[in-house]
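We did not get these values from a lab; they are worked out from the coordinates using the rules stated. What you see is a predicted model, and the numbers here were worked out from it, not measured in a lab. Please note: Cβ atoms are built from the backbone with ideal geometry, for glycine as well, and neighbour counts cover all protein chains shown.
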Amino acid sequence: MTNGCPPLFILCAPRSFTSLLAAMLGQHPEAYGVPELNLFVEDTLQEMVGAMTDVYAIQLHGLLRTVAELYAGEQTIDAIDMAHRWIVKRIDMTTGEIYKELCRRVAPLRIVDKSPANSATLRRLERISQAFPDACYLHLIRHPFDMSKSLMNLQGGQIMATLTNSIDHSQGYEVLDPQILWYRLNRTVCDFLATVSDRQQMKLRGEDLLNDPKQYLQLICQWLGWSWHDSAYEAMLHPDDSVYARFGPFGAQLGNDPNFLKSPIFKQRHVSTGSLLGALPWRPDNQGFFPHVIELANSFGYE
């Protein structure tokens, strides 16, 4: 039995334009953009569901919405109830087996997945590689200043930083600092991609994409072997046409960045970047970026 086309995984830190890019790519006629599936956080579906309780329960919303849409053709309260039963029926399967079933469901289209949780540990990325040896990986990067500032300004962003242990103890006291999360996730992605064939990976700065979408969307399509024509480009300029580019029904409202779900329309604009120098506004002690953060950012072309 075929497992469908190997997926495209967008690897990233949060607040890195991932929701927008994934939805844009998902509108290509050869792609199927999904919400955050988060399947590879554990080995089995039972372990995954068990881990997604309390504050982590929203991490299941993307899978519920996807199953509802693919198997019921709609995202309603009744369809979400069906999705829960679908999960229970498959609870003993591995998350890789579940993902392959979804790939078969959308075939011949190719799934585009941007779950930031995938990039949290090497073990999760290795699960992807084991399930899909031919998968492609787009490492999407944002300047550490802008990513960190965006996270700290996001409603619930400080809670996210706390839950991901983005706390600096180096000064003898605790400071919540999202640059720790930026470095940890991007470093993990780089370490993983060092084990992956060059043809299966691509690095992209989110600011470059937003400043010149036509050039960089064409580069991505060429890399993936997707067709490139005016109608495909026009479709990708409308991420708001995705069936997932809005809030879902009760019990599965999210599955994506709430800000994106509120306003999923792409508006081309010039995006500038912050500086790697100077004091950071979210720190009360006037400290700047750590040297290792600056070094990694420099390697991505940031100043």
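Kindly provide the helix-only [θ] at 222 nm of the chain, computed as the sum of -39,500 (n - 2.57) over DSSP H runs of four or more divided by all residues, to the nearest 500 deg cm²/dmol? Intermediate results must be reported in sequence, preceding the final value.
Working: 14 runs with 134 residues, N = 303.
Helices in the chain give a 222 nm mean residue ellipticity of -13000 deg cm²/dmol.
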Modelled label-to-label distance, Ile167 and Cys190, 7 Å Cα→beta-carbon offset: nm?
-> 2.7
Cross-link reach list, lysines versus Lys114, counting only Cα pairs under 25 Å and skipping chain neighbours closer than eight places | Lys100, Lys149, Lys203, Lys214, Lys262, Lys267
Relative contact order of the chain: what whole-number percent is it, with Cα pairs under 8 angstrom and at least 6 residues apart?
-> 28
Beta bridges per DSSP with both ends in the chain, % antiparallel, nearest 5 = 20
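Among 153-165, 6-18, 247-259, what's the highest-first ranking by average C-beta atoms within 10 angstrom per residue?
On the way: 153-165: 14.2, 6-18: 25.6, 247-259: 18.7.
Packing proxy ranking, top to bottom: 6-18, 247-259, 153-165.
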Enter the Cα centre distance for the pair the stretch 57-74 and the stretch 182-245, rounded to the nearest angstrom.
-> 24
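Can you check what the net charge comes to around Gln75, using other residues whose Cβ is under 11 Å from the Cβ of Gln75 (Lys, Arg +1; Asp, Glu -1)? All intermediate terms of the calculation are to be shown ahead of the outcome.
On the way: positive: Arg65, Arg246; negative: Glu69, Glu74, Asp78.
Charge balance in the 11 Å sphere: -1.
Expected output is a single nm value to one decimal: the length gained when fully extending between Arg123 and Thr76, i.e. 0.36 nm times separation in residues minus the C-alpha distance. What is it? Numbers along the way, then the final one.
Values: separation 47, 0.36 × 47 = 16.92 nm, distance 3.41 nm.
Full-extension gain reported as 13.5 nm.
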Please say if the stretch 92-200 is rounded, prolate or oblate, where rounded means a/c under 1.5 for a ≥ b ≥ c the square roots of the C-alpha gyration tensor eigenvalues, and otherwise the choice is prolate for a/b larger than b/c and oblate otherwise?
-> prolate
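I'd like to verify something in the chain: which complete DSSP H helices, judged by Cα projection on the helix axis, reach 15 Å or more and average at least -1.0 on the Kyte-Doolittle scale?
Working: long enough: 61-72 (16 Å, 0.47); 77-89 (18 Å, 0.28); 95-106 (17 Å, -0.61); 179-193 (21 Å, 0.20); 213-224 (16 Å, 0.02).
Both cut-offs are met by 61-72, 77-89, 95-106, 179-193, 213-224.
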Two-site FRET efficiency, Lys214 against Phe300, from Cβ-Cβ distance with R₀ of 22 Å, rounded to 0.05 | 0.50
